[in-house]
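Asks: I am attaching a structure below and will ask some questions about it afterwards.
The values are calculated or read from the model by the stated rules, or taken from the named source; none is laboratory data. Since we're looking at a predicted model, the values are computed, not measured. Heads up, the Cβs are rebuilt from the backbone with ideal geometry, glycines too, and the neighbour counts pull from every protein chain shown. Accessible surface is based on the protein model in full, side chains and every heavy atom, while ligands, DNA and RNA are left aside. Shrake-Rupley method; radii C 1.70, N 1.55, O 1.52, S 1.80 Å.
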Amino acid sequence: VEPVFVYNCEIWTLTKNLEQKIVTFQRKLIKQILNKIYPDIITNVDLYKQTETKEWTKTIRKRRLTWFGHVLRMDKDTPARLALEEFTKPRKKRVGRPHNTWLTNVLKDIKENGNIRNIDLGHSMKDTVKNLQTVCDDRKRWTEIVRCMML
């Protein structure tokens, strides 16, 4: 079920509420597979240990960060790279709360989970992406950083 569910998840934009729904859905499926019904109580940690799985939201984060590195290594004239560069151009801010975007999710994942040292994440989105570009250019280093973030 997992490969079908997380297909193309690297481009999803998730809120905290959606992430919670995904984790709840996954645990419900696992409990159904294990035939654990109400009187049988099992903690979430034990559930994941017993089935040797991890939360789908962690899988989604890892795939999103991996895709981000892939996009930054693409040629400058690739449509995905052009879209990223267009999105990071400075624009006039609209009134109200900013929208939750794919790039804000990626940067949030990096700031919350990341231990990227010696890299200034900058104040503007363009500066942050530019600084992360140097890290992502080294594929092995970026893969190691993503792996360390997801432990």
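Asks: So which of VAL71, VAL23, VAL45 ends up being of a type outside the set (Asp, Glu) and open to solvent by 90 Å² or more (accessible area, probe 1.4 Å)?
Replies: VAL45
Asks: Could you count how many residues in the stretch 50-89 are under 19 Å from LEU18 (Cβ atoms) and among the acidic types (Asp, Glu)?
Replies: Count: 1.
Asks: Does LYS111 fit the bill of being modelled with pLDDT of 90 or more and either surrounded by 12 or more Cβ atoms within 10 Å (Cβ to Cβ) or under 17 Å from the mean Cα position of the chain (by Cα) (or both)?
Replies: Considered against the rule, which asks whether it is modelled with pLDDT of 90 or more and either surrounded by 12 or more Cβ atoms within 10 Å (Cβ to Cβ) or under 17 Å from the mean Cα position of the chain (by Cα) (or both), LYS111 comes out as no.
Asks: Further, regarding this structure: So which of LYS49, LYS16, LYS31 ends up being free of Cβ contacts under 8 Å to residues at least 60 places away in the same chain, farther than 28 Å from ILE145 by Cα and charged (D, E, K, R)?
Replies: LYS31
Per-residue answers, yes or no, for (1) of a type in the set (A, V, I, L, M, F, W, C); (2) at pLDDT 90 or above:
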position	(1), (2)
THR53	no, yes
TRP56	yes, yes
LYS62	no, yes
GLY96	no, yes
ARG117	no, no
VAL135	yes, no
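Asks: Moving on. Take the stretch 121-146 and flag every residue that is open to solvent by 80 Å² or more (accessible area, probe 1.4 Å) and in contact (Cβ under 8 Å) with a residue 60 or more places away in the chain.
Replies: ASP137, ARG139, THR143
Asks: Having 2 or more residues that are more than 25 Å from ILE110 (Cα to Cα) is the bar; report the helices (runs of 4 or more DSSP H) wholly within the stretch 1-98 that clear it.
Replies: 16-34, 44-51
Asks: Select, from PRO90, PRO98, PRO79, the only residue that is more than 20 Å from CYS148 (Cβ to Cβ), open to solvent by 50 Å² or more (accessible area, probe 1.4 Å) and touching a residue at least 24 places away in the same chain (Cβ under 8 Å).
Replies: Going through PRO90, PRO98, PRO79 in turn, just one is more than 20 Å from CYS148 (Cβ to Cβ), open to solvent by 50 Å² or more (accessible area, probe 1.4 Å) and touching a residue at least 24 places away in the same chain (Cβ under 8 Å): PRO90.
Asks: Further question on the same structure: Any chance you could count how many residues in the stretch 27-41 are open to solvent by less than 90 Å² (accessible area, probe 1.4 Å) and closer than 23 Å to ASN17 by Cα?
Replies: 4
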